[in-house]
Amino acid sequence: MMLKNEYDVVIVGAGPGGSITAMHLAKHGLKVALLEKRQEIGTPKRCGEGLPLTATEIIKLGVPDYVIRQPINGAIVYAPSGKEVIVNMGDLAGYVVERKELDKFLAYEAAKAGAYVQAKTEVTDVIIENNYVVGVKAKYQDQEYIIKAKVVIAADGVESTIARKAGLNTTNKLIDIESGFQFEMANVKIRDPKKLELFFGKEIAGRGYLWIFPKGDGVANVGIGTAMTEKSARQLLEEWIESRPDLFSQASIIEVNAGGIPVGGLLDNMVLNGFAVVGDAAHQVNAIHGGGMHEATDAGKLLADVVAKAIENNDVSQEALSLYNKLWWEARGNKLLKVQKLREFFDKLSDDDMNMMAESLSGDDLLKMAKGSKVVGLAKILIKKPKLLLLAKHLI
Ligand SMILES: Cc1cc2nc3c(=O)[nH]c(=O)nc-3n(C[C@H](O)[C@H](O)[C@H](O)COP(=O)(O)OP(=O)(O)OC[C@H]3O[C@@H](n4cnc5c(N)ncnc54)[C@H](O)[C@@H]3O)c2cc1C
């Protein structure tokens, strides 16, 4: 095997977070190994495949045509009453991509930059000496490897085990995890091929929402992200599809996807001596829409720069690496925390409250809220509705 027994940095998991971190570290001239337990990077997908243009760490690489399935220019948001709010986002807001291709493309970019990437290689443990993480144990086929590293990075997604093995407690609260379930379907009735469609309502989606993300030619990801419901995400999705013959009577299921989505539990501390965590493994996700590719890759770039500097200075202590905490909280964390608080407010709304909001909010207001910017539209409504004001008092 080409896998060596010593690197500057070992990264666990070749999702978008791991690949972008590996690419930047390799560009800094470091010896990097990016290890992925699955036999094919990106497969199976666990994603609605919505990639916003704001995910600049991915977009600026020049996403190839074969990765892009459908350009998107906005969304249609449906309140429980069926009342719709159209969110127009200019000529181009992003893409629905082929995630299996995107993840591979990002791994190719990491490899091109000089990182060594290896699939079907599961990291089973970390090695700790003198209170420093100094390497990992990994398994490829039936062979065990001991790989030394100055820094180990856990980019192992929502099912992350590596941070805990290193001694960083990343266990999330049940209330801050959503279950995602999705069918990729063909022959779906698509209203506007350039718009994502989002459907809200306690009956149909519990505290979350259902989505149709078009992939062109009547193909779409039809899914749900929800939590704390009596029915499972799969049950809710199947029941909703049954209840909408206008959209799905001719549709077929091409693929079944499931996965957890962290929608809260941002970590104050993401580093230890010789160790850091990034992406879903660090709960770096937008708590309202559940998108994490943008967050994992922005954080990956920040982390790579901090780790490169720490290695150059020969100091990979928790104190040196904690610059990543500071920079990430300044750049993304504080915004994501506001988004989480807004999600907690939305969790408490009844269908009537949501219908009322849909009557009063513009598409622009919704967009600002999802980004964690100033909640102008929401404030307008809250002033008129004292009951909502009470529910939202922690936002103010
Ligand atoms: C149903 C659903 C829909 C979603 N829709 C969207 C969307 O439309 N847009 C969006 O931006 N986000 C979406 N997300 C979230 C998005 O998929 C994640 O936020 C994103 O993949 C996070 O990237 P990551 O690199 O942190 O982790 P991941 O992409 O999860 O990558 C982690 C990798 O680590 C590997 N790994 C785990 N343990 C080990 C180990 N011990 N050794 C080696 N490898 C290991 C895994 O196999 C995996 O490949 C969705 C999620 C779900 C579940």
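The values are calculated or read from the model by the stated rules, or taken from the named source; none is laboratory data. Bear in mind the structure is a predicted one, so any value in this text is a computation, not a measurement. Cβ placement follows ideal geometry from the backbone for every residue including glycine, while neighbour counts extend to all protein chains displayed. What goes into the accessible areas is simple: the full protein's heavy atoms, side chains included, and nothing from ligands, DNA or RNA. Shrake-Rupley method; radii C 1.70, N 1.55, O 1.52, S 1.80 Å.
Scan segment 120-149 residue by residue and report those that are among the β-branched types (Val, Ile, Thr), open to solvent by 30 Å² or more (accessible area, probe 1.4 Å) and under 25 Å from Gly259 (Cα atoms). Scanning segment 120-149 gives a single hit, Thr124.
Only one of these is assigned by TED's automatic domain parsing to the domain that holds Pro80, touching a residue at least 12 places away in the same chain (Cβ under 8 Å), more than 12 Å from the ligand (Cβ to nearest atom) and of a type in the set (Val, Ile, Thr): Val271, Val219. Name it.
Numbers: Val271 fails: assigned by TED's automatic domain parsing to the domain that holds Pro80.
That would be Val219, the only listed residue that is assigned by TED's automatic domain parsing to the domain that holds Pro80, touching a residue at least 12 places away in the same chain (Cβ under 8 Å), more than 12 Å from the ligand (Cβ to nearest atom) and of a type in the set (Val, Ile, Thr).
Leu51 meets each of the listed conditions (1) in contact with a Leu (Cβ under 8 Å, 6 or more places away or on another chain); (2) more than 11 Å from the ligand (Cβ to nearest atom); (3) open to solvent by less than 40 Å² (accessible area, probe 1.4 Å); (4) not in a helix (DSSP H, G or I) apart from (2).
Answer with yes or no whether Val152 is crowded, with 19+ Cβ neighbours inside 10 Å, more than 22 Å from the chain's Cα centre (by Cα) and not in a loop (DSSP other than H, G, I, E, B). Here the answer is no, as Val152 does not meet what is asked.
Is it the case that Leu321 is within 16 Å of the ligand (Cβ to nearest atom), modelled with pLDDT of 95 or more and within 23 Å of Val32 (Cβ to Cβ)? Outline the logic, then answer.
On the way: within 16 Å of the ligand (Cβ to nearest atom): no; modelled with pLDDT of 95 or more: yes; within 23 Å of Val32 (Cβ to Cβ): yes.
Judged against the criteria, Leu321 is not a match.
Among the residues of segment 277-300, is any modelled with pLDDT of 95 or more, in a helix (DSSP H, G or I), within 16 Å of the ligand (Cβ to nearest atom) and touching a Phe, Trp or Tyr at 6+ places or on another chain (Cβ under 7 Å)? Yes; the residues of segment 277-300 include at least one that is modelled with pLDDT of 95 or more, in a helix (DSSP H, G or I), within 16 Å of the ligand (Cβ to nearest atom) and touching a Phe, Trp or Tyr at 6+ places or on another chain (Cβ under 7 Å).
For segment 193-219, enumerate the residues that are crowded, with 21+ Cβ neighbours inside 10 Å and either assigned to a loop (DSSP other than H, G, I, E, B) or among the hydroxyl-bearing types (Ser, Thr, Tyr) (or both). Answer for segment 193-219, where residues must be crowded, with 21+ Cβ neighbours inside 10 Å and either assigned to a loop (DSSP other than H, G, I, E, B) or among the hydroxyl-bearing types (Ser, Thr, Tyr) (or both): Phe200, Gly206, Gly208, Tyr209.
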